[in-house]
Structure formats: structure tokens, C-alpha cells
Amino acid sequence: MTSLKPRAIAQTIHRAMRTFPAIVLTGPRQSGKTTLLKKLFAKTHTFLSLEDPDIRTLARDDPRAFLERYTAPLILDEIQYVPDLLSYIKSAIDENRKPGQWIISGSQNFLLMKGVTQSLAGRAAVFTLLPFSYAEQAGRGSSMKTPTQWMRELSRNISPKKTRAESRHIDEWILRGNYPEIASNKKVDRKVWCASYIATYLERDVRNLTAVGDLNQFDRFLTLCATRTGQLLNYSDIARDIGISVPTVSSLSVLQKHRQTTHKSTKVVFH
């Protein structure tokens, strides 16, 4: 079971809840969005996951009846499955702008942010939750609120004066990653978890976001992007290595579309 460690973003969300009618929390799958929202608002908001087929069907087929049946304050998880619901939420907010009534979360950033910018502009505070920072993994997420503080903490922990055992800890932290499940539960096999995560991402998210016909091709594209971390994105080099055309690589770069959409939106990003 994933440990409920403090997240640095929690206090900022609480502040936004005092003035904004809606809160939108986005981020990659398994970054801890649902866990965080349940921890913060389980006592004050009704939680509904639109990943549930019955709830999703009602919301999609009759959104008015859905919002009459489930009244605010609400947490609507995985909103990307019913993006048209955002227009009805906009109408509900315009009728009653009471702060903190709507909490919306979703993993497919491109679809979610498209709906938010069209329907909830000026009505919602938008946040991104990424996997654990170093401070959060160490259980100190609530005490370190800025990237500068996090970097100072990390710098102290990778000092050349560290012992060999402490250095191995840093190596493990880097290699294992910071998704809450594998970071908190050492019994989880990292390689199996990551392979399953990528497979789920390809099957569930990428195919919903863009018409990718060959998932193996996209998997190779993803691997080549990973090997170029920290470098400029060069479509020609990637196309040559995969053996496909540059336009095809451009059409595969749904990850770049995620980033561009994110940068066009006003949001707070926590690593």
C-alpha cells in the first residue's frame, strides 16, 4: 500500500479552494492525484470516478441528470472520459460561484486542458501533480515548498563527502524513480511495474489522444526519446533511428503536444 506522505502542493490547493469555484488537478497516471484528493477532501466532498462504467455512462448520456443526482461539493476523477461534462459544470458555476465546490482531476493532460481552457477559463485554478520530489519521498513535502529548497536538499544528499552506503541510497533513488507506488513499497518489482505502466499508457492514453496504428513503433519512439533526455528534440535523428519518415515522427510526438498545451495554460507545477 502506498504511504500517505505529505505532498508539497497540498497547502497551495487549500488556499486556492478559498477563492476559486473549481480546482483542476492534472498529472501523469499513478502520480498520486486520487490519493491526495481523497486525503484532503474525503470528509467534505463526494468522490466520483468517471472510470467507473456506470457513472461514466450516466454522465455521458444525461449530464444534467448526473449533476442533479450528484450535487456539489464534488470530486470528479478521470474527467477526460467525459470531457463534455465540463460545459455543464461551467453553467453550474456561473449560477453559483461559491468557492471550492468542484474538484476535477484527470491524467490525459492534452484532452483535459483542452476542455478546461474552453469551459473553465477564469473559474478554475489549475495544478499539476508529478511523482514524489526528493523531499516528499523523505516525508518532508509539507516543509519544503519551493524548487530552490528541494535542490538545496538534494545537493546536500549528493555531496562527495557522503559515505558509500549513502551514495548507494542516491543511486537507488535515481534508478527506482519517484512514482509513489514503487518509491514507497520496496517489494514492488521496479522493472515489472515500469513495463506495465508503459503498456497501460500506450494502450489507454496514447490511443485515446491520437491515431497511433503501430504501438510497437510508438514504443520505440518513446525509448529513443528517453535516451535523449536533456537534449533538444530532433525529429530527423529519431526518424533515422526508427526507420520512418520525419512527418510520421512528428505525428507520434503526442508527448510534445502535452507539453505545448500545458505551457498555454496558467498553472502551478510541483515536481
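Read the figures in this text as sums done on the coordinates, not as results from a lab. Note that the structure is predicted; figures quoted are calculated from it, not measured. For neighbour counting, all protein chains shown are included, and Cβ atoms are generated from backbone atoms with ideal geometry for every residue, glycine included.
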inquiry  = At R0 = 45 Å, how high is the FRET efficiency between R18 and C194 if r is their beta carbon distance? Nearest 0.05 is fine.
reply    = 0.70
message = Could you list L40, L222 so that the one with the fewest beta carbons within 10 Å of its beta carbon is first and the one with the most is last?
response = L222, L40
query = How big is the equivalent ellipsoid of region 5-140 along its three axes, where each semi-axis is √(5λ) from the Cα gyration tensor, reported in whole Å from largest to smallest?
reply = 24, 16, 14
note = Contour minus Cα-Cα span, D94 to C225, at 0.36 nm per residue, comes to 42.9 nm
ask   = When L36, L25, L4 are ordered from fewest to most other Cβ atoms inside 10 Å of their Cβ, what list results?
value = L4, L36, L25
query = Among the listed pairs K5/K38; K39/K98; K5/K98, which are separated by more than 19 Å between their Cα atoms?
reply = K39/K98; K5/K98
query = At what distance in nm do the modelled label points of A121 and D52 sit from each other, each positioned 7 Å from its Cα along Cα→Cβ?
reply = 3.4 nm
query = At a Förster radius of 35 Å, what calculated FRET efficiency corresponds to the Cβ-Cβ distance of K43 and V246, to the nearest 0.05?
reply = 0.10
